[in-house]
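Bear in mind that the values in this text are calculations on the coordinates, not laboratory data. On a predicted model such as this, the values are computed, not experimentally measured, just so you know. Cβ sites come from the backbone with ideal geometry, for glycine too, and all protein chains shown count toward neighbours.
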Protein chains: 2
Amino acid sequence: MASEIAIDHREKAHALLKADAEKIMKLIKVQMDNLTMPQCPLYEEVLDTQMFGLSREIDFAVRLGLIEESEGKLLLGSLEQELSALHEAFTRK
Amino acid sequence: MASEIAIDHREKAHALLKADAEKIMKLIKVQMDNLTMPQCPLYEEVLDTQMFGLSREIDFAVRLGLIEESEGKLLLGSLEQELSALHEAFTRK
């Protein structure tokens, strides 16, 4: 029972962070899809804010010992790659 | 052993959030102390960013079931009070 709770925190932390990362990924994809539309605003600030929020969640989870630092870096890293691809595509436009 | 881990997450979450809140409180106090100095910048953006970061950590801890929603609101609420007192003092200056 108690050990279930401990495992639950780890599993839940992973699930929550993954869900939050996916939300940001969706925002990035929407931006990507809108690149070809006229007058599409690039919500850079929104995305930056969301990324900062996620990085704080990840940092908190790492400090709690719920996820590994390397996992956190992987999660943020893949989003950062998508973001920079978006910025590049936007600059080329 | 396993139950110690579960308790540890809760205790650690509280300790981390309290420490992060205290860091912001110190930033606010430094700002307050500098109000009487000439050319003191009000680091509104820095404080806002830190507050947002903490609110994301608290929200994450609540979603994980590590702290109660009411506790999280109390923690943020007391900081928000200090912040608005700071803003008021700055406006009066």
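Would you please give the FRET efficiency between A:LEU74 and B:SER84, computed as 1/(1 + (r/R0)^6) with r the Cβ-Cβ distance and R0 = 30 Å, to the nearest 0.05?
On the way: r = 39 Å, r/R0 = 1.31.
That gives a FRET efficiency of 0.15.
Can you put B:ILE58, B:ILE24 in order, fewest other beta carbons within 10 Å first?
Numbers: B:ILE58 23, B:ILE24 19.
With the sparsest Cβ surroundings first, the list reads B:ILE24, B:ILE58.
Under the definition of partner shielding as Cβ atoms of other protein chains within 10 Å of a residue Cβ, what is the mean value for peptide A:49-57? Let's see the in-between values first.
Details: counts 3, 1, 0, 4, 7, 2, 2, 11, 8.
Mean partner shielding for this stretch: 4.
So what J values fall out for the range B:13-23 if you push phi through Karplus, 6.51 cos²θ - 1.76 cosθ + 1.60 with θ = phi - 60°, rounded to Hz, Gly and Pro as x?
Rounded to whole hertz, the list is 4, 4, 5, 5, 5, 5, 5, 5, 5, 5, 4.
Which of the aspartates and glutamates could a cross-linker span from A:LYS29 if the Cα-Cα distance has to be under 12 Å and same-chain partners fewer than 8 positions apart are dropped?
Reachable aspartates and glutamates: A:GLU82.
Over the whole of A:59-71, what's the average partner chain Cβ count within 10 Å per residue? Rounded to a whole number, please.
On the way: counts 5, 13, 5, 0, 7, 12, 4, 6, 0, 0, 0, 0, 0.
Mean inter-chain Cβ contacts per residue within 10 Å come to 4.
Pull out a ≥ b ≥ c, the square roots of the eigenvalues of the alpha-carbon gyration tensor of the range B:2-92, then state rounded if a/c is under 1.5, prolate if not and a/b is larger than b/c, and oblate in the remaining case.
Because a/c hits 1.5 or more and a/b exceeds b/c, the range B:2-92 counts as prolate.
So for the range A:2-92, taking the charge dipole from beta-carbon charges (+1 Lys/Arg, -1 Asp/Glu), which of A:LEU83, A:GLN31, A:VAL62 sits furthest toward the positive end?
A:GLN31
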